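Single-structure report; data block below.
Coordinate-derived values only; no laboratory data. Computed from a predicted structure; not experimentally measured. Please note: Cβ atoms are built from the backbone with ideal geometry, for glycine as well, and neighbour counts cover all protein chains shown.
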Protein chains: 2
Amino acid sequence: MSNIPSSASSPTLQLAQRISSAIYANIPLPALEVGKQALMDFIGVTVAGMEEPLSQILIAEAEEAGGHPQATIIGSNSRANVQQAALINGSAGHAHDYDDVHINMGGHPTVPVAPVVFALGEHLDSSGSDLLTAFIAGVDVECILGRYAGPSHYAKGWHATGTLGTFGAAAAASVLRKLDTPTTAAALGIAGTQAAGLKSQFGTMCKPLHAGHAAATGVQAASLASREFSSRLDILEANQGFMSTQSESVSEERFSVALSNRAFAQNICFKYHAACYLTHSSIEAVSSLCHANLFAPGDIESVEIRVNAGHFDVCNIEKPTTGLEAKFSLRFTAAMAMAGIDTSSISIFTDKLTQQPELIALADKVRVTAHASPKPESVVTMTLLNGETHTEAVNVAIPMTDLNAQWEKLERKFHALVDSRLGSEVAHDLINYCKTLDEYDDLSEFYCLLSAPVTAPRST
Amino acid sequence: MSNIPSSASSPTLQLAQRISSAIYANIPLPALEVGKQALMDFIGVTVAGMEEPLSQILIAEAEEAGGHPQATIIGSNSRANVQQAALINGSAGHAHDYDDVHINMGGHPTVPVAPVVFALGEHLDSSGSDLLTAFIAGVDVECILGRYAGPSHYAKGWHATGTLGTFGAAAAASVLRKLDTPTTAAALGIAGTQAAGLKSQFGTMCKPLHAGHAAATGVQAASLASREFSSRLDILEANQGFMSTQSESVSEERFSVALSNRAFAQNICFKYHAACYLTHSSIEAVSSLCHANLFAPGDIESVEIRVNAGHFDVCNIEKPTTGLEAKFSLRFTAAMAMAGIDTSSISIFTDKLTQQPELIALADKVRVTAHASPKPESVVTMTLLNGETHTEAVNVAIPMTDLNAQWEKLERKFHALVDSRLGSEVAHDLINYCKTLDEYDDLSEFYCLLSAPVTAPRST
């Protein structure tokens, strides 16, 4: 393609230039490491999400439509064409809302991009280092656009995982297809004019669908661009382009600063509890206090959880009676943490759990109060029957710097999600593949491991 | 489904109620007649558009992805699954921008809906009257939403054919699938959270893609909803729903008035000239003067075309040198009309045509001026060498009431688009099928006629 606009320094072309020149050797080591962790974590949440009704509906749709078996539907026995696999894996990966987050994107960075990386990478026989390069580039695009669009995009009602995720997905697909700068800009344009997803759909199957739609649209956009399907090459900044229609807080300055960042992936934050993200800091603080001081639940007189008042509308259900409500109860999740219950397990959150007298009794000891002025951390103060008080402040939105410790936490989560479905041995092998992904040119065995065995080892 | 919100009178549910209770017997006769004309016209522009590069790219994509051969790709020898066929036919149908328009929608009503009607109707073996009922319902939804959203939606940068078209497509698919009210509301929700399309993509292949994307998304949404994929049932009016994110001129009053309209289809306006829509009134006025007064091009001294000043930026290229530029030249298209050249033929607009001395000489007699105050019509005044002056005012945006005359005009356009590709006999048969569409329970022969013969009769 040769029709590059005269202003070659426009944001869209600058971004396309960055994407098309992405190479593995330039990725900072911590970003590479966290990238592997994010891909592993994505596999875990996707395997778990594949059994959800929404995933099964999408699989049934794909079967009725037909398609060449080009890519693995993770954790299932089915294969589908690349676009279908991206849609299904992306939706399944977001089904439990248990996938990672990134403050600069204002959304879930991995779930629109990883499905592209795996599905298209499998179809194109890409190497492990190609997959990582594409993934890192995709996350970068999401975070750069999050900075560029500013807070009004999400505040107005757009689900950034769907909208900005579409650009990230297109970027990852462009890297795997090794598109040049103008063709990549066209891919961003084709993706951007189809980017969508409304926050008002939170709480329905459409929320995870946004992630899958983003992945599928990104795959389609890069493929169309590679066939010389035409698009504006300035979709971001154009009059009536993406930013002017969907943000009122656009900042080219923030864009420039973000563009100079070497890799955003290293600041991905992971979720370790199968509950609302705003309960996580409190759960961690409670657990930490109990572990550090070695007192038993029976030793506790009262617990105060101090959070921002904004949490009250989101996750302060006083007396949950269903497993889903428990996920949105600061009091109940704190009670689970006191009792040493594994909150990383999706299957633990049952309606029955909310009827357990000892958990109800513990929850009754918890009082939720508001910070006098907004603070990022949750501050938990425990008063014991013996008069001692212990306080701990935790903010899970700070990325971990000890990546070995992060591997350990993520591996436990992975086994909790995957063992019952694929077996612990396969889970173990998948973890090792992810840890050394960049060493493989041929990933065909890896994709086999991603498929469910014909008889799922549910009893392991 | 039983989870109907308590406010059963909300706009989304009212609209869903209207869609799910659409029946053939209630369609006013003129709407039925114009509906048949619109479906026929869609076939014509789609057959012509299928040879365009963008359509060929989309066909190649579908072939690489694979899929069950469920539906006809119009004017080709290929079949594809329903969603792929909707995408391809919708995009091809808008490739020449020669498809119909509707003032209440602020866009092209047929091209996002008709591809759903044909592709899904073929897959479900729907009857001709089912197709018409679904089509009329889809167009109604687009026009009702156009009124509801008001002018700011398009003005801000949204391409209504893509955005509102997605809802229309979902409505048509819901009718064909005979979904109940809440399931139809879910289909609108799934569609609405993926509705997209930016006007800044005008002039690229993405503009026609918007129509195809709308059709494919509507097909998907109704299918997902029929499988109990969950969605909000109030996507239009919800906080952070479609209207609040994409319009600043929402009017529930306009919505209510529009909802009480029996059928918008009868006000569809067709395009008869393969040039910019804003040249059409002038072309018609010139033709009308020449025909009524029987003077020859050589008798003309000068021509004044008076239009709104806004046209100057759109279609006032003084001296076109390419076929594409000729389409945006009031002077040159008027010259073509004076010379009796068939402006309904897509293939007539060649670069070579713009070099013909007699046409250049005629164009040089034309002066374009602006109305003192905005008027919808184009006013053409011809001064002859003998001193006579003749004036004619035409506004093509007024729907024709003489539907027989409209059939005649549309049939001529249809033959001009289809004969060279499918043969004039097939074109003739297709016209007859469309005229009596509601008489057929089995349309399998009709779908066969829509396919290109193995050896295309280009010389006919």
If you average the sequence gap of Cα pairs under 8 Å that are 6 or more apart and divide by the length of segment A:11-267, what percent do you get for the contact order?
-> 27
Quick calc: nm separation of the 7 Å Cα→Cβ label points for residue B:288 and residue A:288 -> 7.9
Residues whose modelled amide H sits under 5 Å from the amide H of residue B:302, counting only those 5 or more places away in sequence or on another chain, are B:383
Quantify how strongly other chains surround peptide A:158-170 by giving the mean number of their Cβ atoms within 10 Å of each of its Cβ atoms.
-> 1
By count of other Cβ within 10 Å, fewest leading, how are A:131, A:450 ordered?
-> A:450, A:131
For segment A:45-183, Rg(Cα) over 2.2 N^0.38 Å is 1.04
What residues qualify as long-range amide H neighbours of residue A:316, i.e. H under 5 Å apart, gap of 5 or more or another chain, H built at 1.01 Å from N?
-> A:330
Taking Cβ-Cβ under 4.7 Å as the only way to count a partner, pick out the unpartnered cysteines of chain B.
-> B:143, B:206, B:269, B:290, B:434, B:448
Debye intensity ratio in log₁₀ form over the Cα atoms of segment B:94-161, taken at each q of 0.11, 0.18, 0.19 Å⁻¹ = -0.29, -0.70, -0.76
Whole-Hz couplings from phi, Karplus 6.51/-1.76/1.60, listed for segment A:40-56; x for Gly and Pro | 5, 4, 4, 4, x, 5, 6, 4, 5, x, 5, 7, 5, x, 4, 5, 5
Hey, got the average number of other protein chain Cβ atoms within 10 angstrom for residues in B:235-243?
-> 4
Report the calculated FRET efficiency for residue B:324 and residue B:345 (r = Cβ-Cβ distance, R0 = 22 Å), to the nearest 0.05.
-> 0.90
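Rounded to two decimals, what ratio of Rg to Rh does the protein assembly as shown give with C-alpha atoms and a Kirkwood Rh?
Reported Rg/Rh, Kirkwood definition of Rh: 1.03.
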Two decimals is fine: what is log10 I(q)/I(0) at q = 0.12, 0.14, 0.17, 0.20 Å⁻¹ for segment A:277-394, from a Debye sum with one equal scatterer on every Cα and no solvent?
-> -0.37, -0.51, -0.76, -1.06
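Just how large is the dipole of the protein assembly as shown about the Cα centre, in debye to the nearest 20, putting +1 at every Lys and Arg Cβ and -1 at every Asp and Glu Cβ?
Values: 56 positive and 94 negative charges, 247 e Å.
That gives the protein assembly as shown a dipole magnitude of about 1180 debye.
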Centroid-to-centroid separation of segment B:361-417 and segment A:161-240 [C-alpha atoms, Å] | 43
Over segment B:244-346, what is the mean sequence separation of C-alpha contacts under 8 Å (at least six apart), divided by residue count, expressed as relative contact order in percent?
-> 33
Using the count of nearby Cβ atoms within 10 Å as a rough guide to exposure, how do B:279, A:110, A:369, A:204 rank from fewest to most?
-> A:369, A:204, B:279, A:110
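Add -39500 (n - 2.57) for each DSSP H run of 4 or more in chain B, then divide by its residues: what number comes out at 222 nm, to the nearest 500 deg cm²/dmol? Spell out each step's value before the answer.
Numbers: 20 runs with 239 residues, N = 460.
After summing the helix terms and dividing by the residues of chain B, the value is -16000 deg cm²/dmol.
Could you tally the net charge around residue B:94, taking each other residue with its Cβ under 15 Å from the Cβ of residue B:94, Lys/Arg +1 and Asp/Glu -1?
-4
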How well do other chains shield peptide B:200-212, expressed as the mean number of their Cβ atoms within 10 Å of each residue Cβ?
-> 6
Note, ³J(HN,Hα) from phi for segment B:380-395, Karplus 6.51, -1.76, 1.60, rounded to Hz, x at Gly and Pro = 10, 10, 10, 10, 8, 4, 7, x, 5, 10, 10, 10, 9, 10, 9, 10
Please report the base-10 log of the normalised intensity I(q)/I(0) for segment B:11-267, using a Debye sum with one equal scatterer per alpha carbon and no solvent, at each q in 0.08 (1/Å).
-> -0.25
For segment A:114-202, radius of gyration divided by Kirkwood radius, i.e. Rg to Rh on alpha-carbons | 1.01
Given backbone amide H placed at 1.01 Å from N, residues whose amide H is under 5 Å from that of residue B:158, ignoring those fewer than 5 places away on the same chain, are B:199
Expressed in nanometres to one decimal, the distance between label points 7 Å along Cα→Cβ at residue A:425 and residue A:155 is 5.5
Cα-based Rg/(2.2 N^0.38 Å) for chain A, rounded to two decimals, is 0.98
Mean separation of Cα contacts under 8 Å, 6 or more apart, over the residue count of chain B: relative contact order % | 20
When Lys and Arg each count +1 and Asp and Glu each count -1, what net charge do the other residues less than 12 Å away from residue A:353, Cβ to Cβ, add up to?
-> -2
Least to most buried among B:350, B:183, by other C-beta atoms within 10 Å and fewest first, runs B:350, B:183
Compute the distance in nm between two label points, each set 7 Å from the Cα along the Cα-to-Cβ direction, one at residue A:21 and one at residue A:442.
-> 3.5
Scoring only Lys, Arg, Asp and Glu (+1, +1, -1, -1) among other residues with Cβ under 9 Å from the Cβ of residue B:132 yields -1
